[in-house]
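Report on the structure given below.
Quick note: the coordinates plus some simple rules give every number you see, no bench work behind them. This one's a predicted model, so the numbers in the text were calculated from it and none came from an experiment. Cβ placement follows ideal geometry from the backbone for every residue including glycine, while neighbour counts extend to all protein chains displayed.
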Amino acid sequence: MAGPPAASIVPATVTRVPSLQSLVTASGEIVAARYADIGSNMMGRLVSLMVKEGDTVKTGQILARIDPIQASAAAAAADASVAALESDANAAATTERTSQAALAEARSRASEAAKALARAMQLRDAGLLPAADFDRAALAAEAADAQATSAIAALDRSRQAAVAAGQRVSQARAERARARDQLQKTEVTAPIDGIVTRLDVEVGEMVVIGVQNQPGTILMTISDLSSINAEVKVAEADVMRLSVGLTAAITLEAVPGRRFAGRVAEIGASALPQLGAQAAAREFRVKVRLDAADASLRPGLTSDVEIVAAEKTGALVVPLQSVVERSGQRGVFVLDGDSARFTPVTTGIIGGLTIEVDGVPEGTAIAAGPIQTLRTLTDGALIQRAGPVR
């Protein structure tokens, strides 16, 4: 009775490679590592533009102007209000000082009148002062006390007026600062050094400021091209293999035949929002910093990135599809004459279509396919070699 037919397999050999790299590939675009979208803090008509796309600008340079007429009028009115109220406050302060002097004088008179009354009382008790003279001294002391009390009340009123005047000045100065700030904001200035990489407005357009759920007008974008990133989207299956500092190679469709070296600079902490209702694989934003910035590169250029997630020198490798699982254990089918023997292996990094293995010596012949045959191949099964050794 004939046994089961021999399985037709494609042989391969365990080989040692000088270097095995596990790569993560992703696509995205070139962006400046540092850039600023320039909006406006004032609503109004754009009356002038001092730059055009491609211009180099410096921090603080005036880029555009919003119609300043209303803001200038408000600032002038605030200046006049402060000047008038400061004059009132100075007058109130002068009145307070006058009241303080009047009180000091009244208290001095009251003190002298009290002393005179005390002397008159001693003379009266000794029978040396007529009653009429004593009465006059008593009335004088009483009048001096009344004048001192009146001077105290006058000083309190002048102090209250001075405090109120000072508060009005403070409020007016705050309003003046706000008006000047609004006037200053009619001049849009550059927050960073860089190049105008996008200009979205023309002179005469209305500029609006952002409010809740409604973005404001973006006038332009300034990019600092002294440091450039390739910003790519990495699938969730690969992002956990990455870490900051890994080396990468960047290629651009706009610059064929050239590879730019770089390193992973930033890995997104959360997945990017999904667009549309259909569920899709999650992606994470990864920024790869180019080692050397190139003045010819511009934000928005499409880029492809290969990140070296792991690297091994002198690794033993086999075709990726030759590794199968039996009873929860990974292994390969070693070719022994006309049979295949399942041999457990420990796997390492994956590089393209090959995988690192440990457990079989270099040069060992193994079964590399077809995959449909390997899925059902059993330990010790008869085999028939087909095709050249890979």
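Relative contact order of the chain: what whole-number percent is it, with Cα pairs under 8 angstrom and at least 6 residues apart?
Relative contact order here is 32 percent.
Given a Förster distance of 35 Å, report the FRET efficiency between residue 272 and residue 59 from their Cβ-Cβ distance, rounded to the nearest 0.05.
Approximately 0.65, to the nearest 0.05.
Ranked by Cβ crowding within 10 angstrom, fewest neighbours first, how are 40, 243, 327, 226 ordered?
Starting with the residue having the fewest Cβ neighbours, the order is 327, 243, 226, 40.
Set the Förster distance to 45 Å, then compute FRET efficiency between residue 379 and residue 235 from the Cβ-Cβ distance, nearest 0.05.
0.80
If packing is taken as the mean number of other Cβ atoms within 10 Å per residue, what is the order of 26-33, 375-382, 91-98, highest first?
26-33, 91-98, 375-382
Give me, ordered by chain and number, the residues 5 or more places off residue 318 or on other chains with an amide H under 5 Å from its own placed amide H.
355, 357
Given a Förster distance of 51 angstrom, what is the FRET efficiency for residue 15 paired with residue 52, based on the Cβ-Cβ distance and rounded to 0.05?
That gives a FRET efficiency of 0.30.
Helix 131-184: angle to the longest alpha-carbon principal axis of the chain, degrees 0 to 90, nearest 10?
So the helix axis and the longest Cα principal axis differ by about 30 degrees.
Provide the per-residue ³J(HN,Hα) series for region 22-33, in order, calculated from phi with Karplus coefficients 6.51, -1.76, 1.60 and θ = phi - 60°, each as a whole number of Hz, with x at glycine and proline positions.
For region 22-33, the Karplus-derived couplings read 9, 9, 10, 10, 7, 10, x, 8, 7, 9, 6, 4 Hz, x marking Gly and Pro.
Going by how many other Cβ atoms sit within 10 Å of their own, how do 232, 324 line up, fewest first?
By the 10 Å Cβ count, ascending: 324, 232.
With just the Cα atoms defining each centre, how far is region 191-206 from region 1-75? Give it in Å.
18 Å
Would you please give the residues with an amide H less than 5 Å from that of residue 216, counting only those at least 5 places away or on a separate chain, with H modeled from the backbone geometry?
Under 5 Å from the amide H of residue 216 lie the amide H atoms of 210, 211, each far enough along the sequence or on another chain.
Just to confirm the number: angle between the C-alpha axis of helix 69-125 and the first principal axis of the chain, 0 to 90 degrees, nearest 10?
Roughly 40 degrees, rounded to the nearest 10.
At 0.36 nm per residue, and after removing the present C-alpha to C-alpha distance, how many nm does the segment from residue 91 to residue 105 gain when stretched out fully?
Between residue 91 and residue 105, full extension yields 2.9 nm more.
List the GluC sites (Glu not before Pro) in region 321-362 that DSSP assigns to loop (not H, G, I, E or B) and whose Cβ has at most 11 other Cβ atoms within 10 Å. Which are they?
362
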